[in-house]
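Values in this text are rule-based calculations from the coordinates and carry no lab data. Being a predicted model, the structure only gives us computed values, none of them experimental. So basically every Cβ, Gly included, is an ideal-geometry build from the backbone, and we count neighbours across all protein chains shown.
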Amino acid sequence: MKPTAISLFCGAGGCSLGFKQAGYSILYANDKDVAAVETYKKNFPGTLCSHEDINNLDFKEVMTAVGLQSGELDILIGGPPCQGFSTAGARFWDDPRNHLLKSYVRALKIINPKWFIMENVEGLLTSNNGKYVFEAASAFTELGYAIRIEKIYSQEYGVPQRRKRVLIVGNQLGHDFKVPEPTLKVSGQIFRNSDVTISHAISSLPSATSNKFHVLKPLNVPPIDDFDLLLRGDSTEITDHYFSEVKGIQLERIAALKPGQTMKDLPLKLQHESFKKRANRRVADGTPTEKRGGAPSGLKKLHANEPCLTITSAATRELIHPVEDRPLTIRESARIQTFPDSFSFCGNASQKIQQVGNAIPPLLARIFAEHIKDDYGFNTKSTGPGKILGFSLTKAGAMSPALKRTELLLRRLSSNNKDQQGNLFE
């Protein structure tokens, strides 16, 4: 019997795809983004999927719809985006800007899954001076979950992309969970491996077209390896593999960039006016030069034989193909995120690339899904209280002041010396 999962904040379904590939049955998914839900339904026709604000969801009705009782679900996947704000005086759980996290905690309380896995951007660790992650961890442990908080470097797991994310994994089965061992190690700024590169991800695609309506055929060549085979999927056509034609000074800028260079490396005559303004945006307010930071990078020319920079919703505007004088296509971005060519995206171009950029790489999700299923399972029962199993906030040798604050808060929670928050869920 397949382990069961529910996906909240499901987006296009990157996490769901990884769990499905690992042998899980995805029973239900929800997101408030219309285009993302359309994409999800197209790629997961067997999953009940709704378009709803999580604050309006009745999780008891959800459990009835999927035929499960509280406590029977194996894992809840997906997590609320961190709002990233400074304190405004309100009690944390009363602040309306925390409604997504509050609803997520409510889902955990009602669904009562054996496991949960929550993914977020690395800014989660320092948002609201560390209080966001501290309050989240407090709530999860109060519900009886043993949790681990870990910053994950996706390229260490074979994703051809420099993508740092935070995972909070919890279980109430008594497992001393540890993250799967990376297959590769990140060390410093330079990371080179012949199997984790942009070239490895996109080289078997046909040439991109400048006609957005042109559906391409896959190259009739044998797969390079299992990773290439995974990315090809069972697709008989290649969609979203087009680029807007680049002309004039923008083409000059792109053509002038060498791999690894950004807008700041261009001669002044080629730098965009808005770039110049942003680069000097804080001069007038009297901020000392040494505290203004570097200029924004804008265009970025990629290295063919290195992992890609992080795929975001700006990838098809700012990330320049390592060989050709054009930005990445949506399909190239999807492959770098480890979506197979058979995965279709719905909506307009900006909605599609946002779905790609927001997704958990399916390969990363699959590795964690297999690790939980094969190395821990879903049958052990625990009577112990919730606790923090451990946390890893950075690989850097030194911690920023912001991370140090977060570390102190989590250590305090680990030692059970936290402030009492009362009933968070009424």
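In angstroms, what radius of gyration and Dmax does the range 198-359 have, counting Cα atoms only?
17.6, 60
Taking the 0 to 90 degree range and rounding to the nearest ten, how far is the long axis of helix 34-43 tilted relative to the main principal axis of the chain, both from C-alpha atoms?
Its long axis makes an angle of about 90 degrees.
From the residues W93, V159, G174, which one has its Cα farthest along the dipole of the range 88-206 in the positive direction, the dipole being from +1 and -1 charges on Cβ of Lys/Arg and Asp/Glu about the Cα centre?
Value: W93.
Subtract the Cα-Cα distance of D325 and T236 from 0.36 nm times their separation in residues, and report this length gain in nm to one decimal.
Numbers: separation 89, 0.36 × 89 = 32.04 nm, distance 2.74 nm.
The D325-T236 span can extend by a further 29.3 nm.
Based on the alpha-carbon set only, what is the convex hull volume of the chain divided per residue, in Å³?
Working: hull volume 68.0 nm³, N = 426.
It comes to 160 Å³ per residue, whole-number rounded.
Taking 0.36 nm per residue of separation and subtracting the Cα-Cα distance, what length does fully extending S414 through D226 add?
Extending this stretch completely gives an extra 63.5 nm.
Taking the Cα-to-Cβ direction at L184 and at F213 and moving 7 Å from each Cα, how far apart do the two end points lie in nm?
Taking the two extended label points, one gets 4.0 nm.
Percentage of Cα-Cα pair distances in the range 65-186 greater than 18 Å, rounded to whole percent?
Numbers: 4092 of 7381 pairs.
That fraction is 55 percent.
Is there a quick way to get the dipole size of the chain? I mean about its Cα centre, with the Cβ of Lys and Arg at +1 and of Asp and Glu at -1; what is the value in debye to the nearest 20?
Numbers: 54 positive and 44 negative charges, 280 e Å.
It comes to approximately 1340 debye.
Regarding the range 192-246, what are the three Cα extents along the principal axes, ordered largest first, in Å?
The principal-axis extents, from largest down, are 33, 26, 14 Å.
In debye, nearest 20: dipole of the range 114-266 around its Cα centre with unit charges on the Cβ of K, R (+) and D, E (-)? Could you put the intermediate results ahead of the total?
On the way: 18 positive and 18 negative charges, 97 e Å.
Once rounded to the nearest 20, the dipole reads 460 debye.
Given a 10 angstrom Cα cut-off, can you work out which residue in T141, T183, T209 is the most mobile in a GNM of the chain?
For the chain, modelled as a Gaussian network with Cα springs under 10 Å, the answer is T183.
Using 22 Å as the Cα-Cα cut-off, could you pick out the over-long pairs in K102/K387; K269/K352; K164/K404; K102/K352? Spell out each step's value before the answer.
On the way: K102/K387 19 Å; K269/K352 33 Å; K164/K404 18 Å; K102/K352 28 Å.
From the list (K102/K387; K269/K352; K164/K404; K102/K352), the Cα-Cα distance tops 22 Å for K269/K352; K102/K352.
Is there a pair in K109/K185; K212/K300; K131/K381; K60/K381; K151/K300; K2/K109 whose C-alpha atoms are over 29 Å apart, and which pairs would that be?
Numbers: K109/K185 37 Å; K212/K300 23 Å; K131/K381 31 Å; K60/K381 23 Å; K151/K300 25 Å; K2/K109 23 Å.
In this structure, K109/K185; K131/K381 lie more than 29 Å apart at Cα.
In the chain, if the dipole is taken from +1 on Lys/Arg beta carbons and -1 on Asp/Glu beta carbons about the Cα centre, which of V246, L408, I77 is farthest to the positive end?
L408
Taking the Cα centre of the range 198-359 as the origin, how large is its charge dipole in debye, to the nearest 20, when only Lys and Arg (+1) and Asp and Glu (-1) carry charge on their Cβ atoms? Provide the component values of the computation, followed by the final result.
Numbers: 22 positive and 18 negative charges, 202 e Å.
That gives a dipole near 960 debye.
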